[in-house]
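Worksheet: one structure, shown below.
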């Protein structure tokens, strides 16, 4: 990896920072955040502005360019990568280290008095604007919105914003029609006495209209906004994709619908002016509901007194609770995914000893097997295929420079998943194709105990996921071990593999309570720098639990694993398991046998079936 | 309990709310919070203004009186009590219920336009002022400070503010001299670049100067403030207690000390004017450090730009980590406390079957046995002595109207503690003096499993207590049971029985990480309305844990029980315990035998010793 040479680019950027064609007054600093206008976790190439100006293309980072300086803030995952990818024009600001200044404090320390700091108001979330603006103002500077994105003005070969065809999802996939979703949304709006709701997150637009796209890699979403009134529906979307007959029919664009269900289709770029018109026409007590993560530009379009901001929108919360059709779809997707992984692991078991399988080959093979399954669309994230020391790099993705060959002497960690039309998968298995050491087995078994502790936990209705995080760590903690990431995230239904508002993490205290129908991952791990990584991840569904008693009639919940892929018993030190844990493994494997076995049989994949049967032999605990 | 008749009082209050002698402009509403000027949990009789005006004397509640209305906000613990104690003039606002408005929203709904809402600026914490003031202002009203407390103007027989003699604590109790504490505080101030520190919490003043008082029941504190500069020490305290020779000597008031250790003693009431003088004399970049819970009056004395506010002060954090002298004192106090409880339980075992022991008699007897111990000062909180259904009332205190007789047919719950000159205790034991039912034993055993899960937990350095809360609930959750309170609180060293900044609760996310030397309670429970209450509470010390591995060199922590009182084995269903849990009980009881047994022997308390030996027979688990 050689660094990107940015001298010329920075010179150009500093020129446009003073060019009256783009800025009302010169700005002495310009902020280039990571995100897109929808605060997406994954972004399209045309939105990779920070990577363009700096060379650093990790998933998190903020660049700030002043007359004299260019600085990049990123977190511990990316210190090495950022240092490699950026040239000497850039100073790396290591977030999380004690002496690293915040962006605001750094700006205050380097700027001349009374400076203007520019940022694209569409890219910066309103809550972040508020925080930065306050600090800058108290130091005598001004945060100013710069309408035209200054990176775009110098990015001559900027890729076009994607505008790919849409997929319509019928009731058999979604369980609820888009009209009924609008009705439910309006009833939530009425409850909170708001007249308008602005949909800014891409997965929320997709979910609401039962549409999917492919504008962003791994995320079946498309660029669009929506503004829902009590009697109007406006969808802001570009391209001729709205001319597609199935889409027109799905949205009933050509039918004579009741007026409150007629969708007005408008250009993507007209959202701001339309929202400003809404804002200008409000009468007293008419509120507009927005996420507090919506962009500063859209938030400002509504006068402050009329804004109703919440951290989680009603769509985010409704989307998290999967209905019967979505749950059944997720089950089907996970069975198909398990078939693909049984094929893969059976293949790896034969091929790895030959010394010809690299991390990239293994990842490609996994994709190949998945793509053979019905309704496969694409992967749900970049496959983490890592062997030996690469396994300890939590967000590893094999590239030619790091590509390592799998062997019978190293632990192999595969974290992968796919988008199927009926559901989204995300599974991690840690395998050894030779003979694991006692220490490797010991660590694996602690991780497994943590995985089971969460998966088998019973907890009252209304419990937030973060209260379960320590269950996943307890066995590791007992031996002085731990892992430095959360235990689980929400998973979409043929949507983003990471979604809110629930999760299982010591860090997330803003999570919403777990409810039956929510789907999260359960993925504790253990990582030893330079040696190996272990992670065991299932996607699990929150279900009601039967308990002996029922305190205050609250009811209880537990998890049902949707992922049905064998956990390598060779890696388990059975003597470290309790009887209950041992039974959990055996029952889990029994279910894999029955459910995935039947599907392997049906698909005529007899060799993979034999592998499954061998891998799911019951454990026997020595008393 | 008959309600207090408040018609006349409210009339008087409404008059002074318009009286120009007390208010610059009439106030249309007056807020009467629970607290005192130091945001104490326990308050002196002269500060019980909310109880005076309303009749409701629970520990938490806020009264608001307008021209037309009188309303009281309190939480679920006190709904019944408040309803009984208040007359028809009052509306009960049940906090935590969905339809109950906040104080601000209620005010906005009932006040005429442009109203003034008054409050004593010494009683309301600055953070709460800010929140209320914002909402009121946005609705066109004003929150205004009323210098003279309006309740005091109509409270003709208001008790005097207590001003009791002080106790000096020498190094054998405190481990660190007050001078060294000042040095350490100044070094924390220098680190944060602040020039002044204002001590507003009573236990922080007491801890800093190694002094104790008895101005507030159960809390060995005294009314005082302190302002610490880099070269000055000002102590604001009333009465002739500063004339007491031991106190003068302890504080070296008559010695020729280095100027930076000379204590200026000033009247308690002069804090505001002195602080205003400090505020007026600040040069740029001179900051003043205050708790964000300090009163609005004191916070406002410092111009906004010069304030440095934190949720926990450096004294709060230093005080929480007990040194060797304090830890040894706490150990001694807990051994004495255990002796008293062995005597008590031995006595109860003989007396209860006679049917003559009431809850009040039992509580008095507990105090009598405690008072026989060396260095006993007072109780550390009102004894919760509760039998049968009274045990299910979590904050129960026996009074003649509710006083129930202990019997061999009911569970008895005793939550009690004392202040000794060397330490503070707080212990709960749940006993049956007849034959418990299988169900009672089952519930008790789940609670015990939770208690052990926390007490035996091993966790990394830097872990916050709230991450351990679910361990205490897991066994109950498995059967659909739970308890509706936190699991533990910080405990002072001959100081307040509840102290910050650490604790173990699903509610506390602002807690500071646990450190070796911190002391907390571990007190899960289970309560069945109308039947019984179960709680098992030890005070435990955070200590380093030896572990097999040591991830990232972080080190691990665990707990050592300081409380050494037998846990009634008759109540345990041994078959529900794991081998590890069974061993924990047996080792705990072995330690009670050795340590408390030796002390009982030394004190010649042979009958109680025999009781202890009988109660600590090892459990035998059926394999």
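Where a number appears in this text, it was derived from the coordinates with a stated rule and is not lab data. Just so we're clear, the structure is a prediction, and the values are computed from it rather than from any experiment. With ideal geometry, Cβ positions are generated from the backbone for all residues, glycine too; neighbour counts draw on all protein chains shown.
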* Percent antiparallel among DSSP beta bridges (both partners in the protein assembly as shown, rounded to 5) -> 70
* **For residue B:127, label point 7 Å along C-beta direction: distances to other copies, nm** => 1.8
* To do: Any chance you could run the full-extension gain for residue B:67 through residue B:230? It's 0.36 nm times the residue separation minus the Cα-Cα distance, nm to one decimal.
  => 53.8 nm
* Taking the DSSP beta bridges in region A:167-319 as the whole, what percent of them are antiparallel, to the nearest 5? -> 50
* Grab the eigenvalues of the alpha-carbon gyration tensor for chain A, scale each by 5, take roots, and send me the semi-axes largest first in whole angstrom. => 42, 31, 23
* Which order do peptides A:590-601, A:415-426 fall in by mean Cβ count within 10 Å, highest first? -> A:415-426, A:590-601
* Asked: What are the radius of gyration and Dmax of region B:321-615, computed over its Cα atoms and given in Å?
  -> 18.1, 61
* Stretchable slack from residue B:378 to residue B:285, in nm (0.36 nm times residue separation minus alpha-carbon distance) -> 28.9 nm
* **region A:153-292 shape via C-alpha gyration tensor axes, a/c threshold 1.5** => oblate
* Asked: Considering only chain B, what is the antiparallel percent among its DSSP beta bridges, to the nearest 5?
  -> 70
* Arrange the peptides A:246-253, A:465-472, A:573-580 so that the one whose residues have, on average, the most other Cβ atoms within 10 Å appears first. => A:465-472, A:246-253, A:573-580
* Asked: From the label point of residue B:161, set 7 Å from Cα along Cα→Cβ, how far away are the matching label points in the other copies, in nm, ordered shortest to longest?
  -> 6.4
* What 222 nm value per residue comes from the helices of the protein assembly as shown, counting each DSSP H run with n ≥ 4 as -39,500 (n - 2.57) and dividing by all residues, nearest 500 deg cm²/dmol? -> -9500 deg cm²/dmol
* **Burial ranking of peptide ranges B:309-319, A:198-208, A:63-73 (average Cβ count within 10 Å, highest at the top)** => A:198-208, A:63-73, B:309-319
* Asked: With labels modelled as points extended 7 Å from the Cα through the Cβ direction, what inter-label distance (nm, one decimal) is found for residue B:552 paired with residue B:397?
  -> 4.5
* For region A:47-92, state the average projected area of the convex hull of the C-alpha atoms over all orientations, rounded to one decimal in nm². => 2.9
* To do: Give the whole-number value, in cubic angstrom per residue, of the convex hull volume spanned by the C-alpha atoms of region B:507-623.
  => 180
* Asked: Under the definition of partner shielding as Cβ atoms of other protein chains within 10 Å of a residue Cβ, what is the mean value for peptide B:20-31?
  -> 0
* **Per-residue average of Cβ from other chains inside 10 Å of B:470-476** => 4
* **Projected label distance in nm at residue A:176 and residue B:163, using a 7 Å step from Cα toward the beta-carbon** => 6.7
* **Kirkwood hydrodynamic radius over Cα pairs of region A:64-118, then Stokes diffusion coefficient at 4 °C and 1.567 mPa s, in µm²/s** => 107
* Taking the Cβ-Cβ separation of residue A:364 and residue A:328 as r and a Förster radius of 22 Å, what is the calculated FRET efficiency to the nearest 0.05? -> 0.15
* What FRET efficiency comes out for the pair residue A:601/residue A:560, r = Cβ-Cβ distance, R0 = 22 Å, nearest 0.05? -> 0.45
* Structure fact -> Heads up, region B:552-601 by the C-alpha gyration tensor (a ≥ b ≥ c square roots of eigenvalues; a/c under 1.5 rounded, else a/b over b/c prolate, else oblate) looks oblate
* **Taking A:43, A:534 and counting other C-beta atoms within 10 Å, the order from fewest to most** => A:43, A:534
* Asked: Which value, in Å to one decimal place, does the Kirkwood hydrodynamic radius take for the protein assembly as shown when every pair of different Cα atoms is included?
  -> 34.2
* Asked: Under the definition of partner shielding as Cβ atoms of other protein chains within 10 Å of a residue Cβ, what is the mean value for peptide A:454-467?
  -> 3
* To do: Take the alpha carbon gyration tensor of region A:363-499, find the square roots of its eigenvalues, order them as a ≥ b ≥ c, and report rounded if a/c is under 1.5; if not, report prolate when a/b exceeds b/c, else oblate.
  => oblate
* FRET efficiency, residue A:529 to residue A:83 (Cβ-Cβ, R0 22 Å, nearest 0.05) -> 0.80
* Equivalent ellipsoid semi-axes, region A:211-285, via Cα gyration tensor eigenvalues times 5, rooted, Å -> 24, 18, 10
* Asked: Using Cα-only point scatterers and the Debye equation, what is log10 of I(q)/I(0) for region A:6-153 at each q in 0.08, 0.15 Å⁻¹, rounded to two decimals?
  -> -0.19, -0.73
* residue A:131-residue B:100 pseudo-label distance in nm [points 7 Å out on the Cα-to-Cβ vector] -> 3.2
* Determine, for A:38, A:84, the number of other Cβ atoms within 10 Å of each Cβ, and report the residues in order from fewest to most. => A:84, A:38
* To do: Report, in whole Å, the centroid distance computed from the Cα atoms of region A:280-343 and region A:19-87.
  => 27
